[in-house]
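First up is the structure itself, then whatever we jot down about it.
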Amino acid sequence: MTRAQQLTAIAIAIPGAIASLYALAAFLLRVLNNRLELPLVATVPAFYNAVGDAYGEGFVAGFSLCFFLTLLAVAVGTWYEQRAK
């Protein structure tokens, strides 16, 4: 990675990781406080779909957090390797 690519990756990774962490924390608080959005029609399939949608949002937030942390680790790791040489 060139220096410009490293700075770009860091500039993308830090706000992305912060936003993802915020979204994951919001999801975990929603589950912890039992504030999942229930369907208007109380059928078993509708309930399972609502819970699945909520957990899908949590999965996306967690996956994006992992992505941005990996991007940050690669940028910092290549910078450290270049500095060590």
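What follows draws every value from the coordinates through simple rules; no lab data is involved. From a predicted model like this one, the values you see are computed outputs, not experimental measurements. Here the Cβ positions follow ideal geometry from the backbone for every residue, glycine too, while neighbour counts run over all protein chains shown.
Can you give the Rg to Rh ratio of the chain, both from alpha-carbon atoms, with Rh computed by the Kirkwood formula?
My calculation of the ratio gives 1.24.
What order, most packed first, do the peptides 71-84, 33-46, 53-66 have when packing is the mean number of other Cβ atoms within 10 Å of each residue?
53-66, 71-84, 33-46
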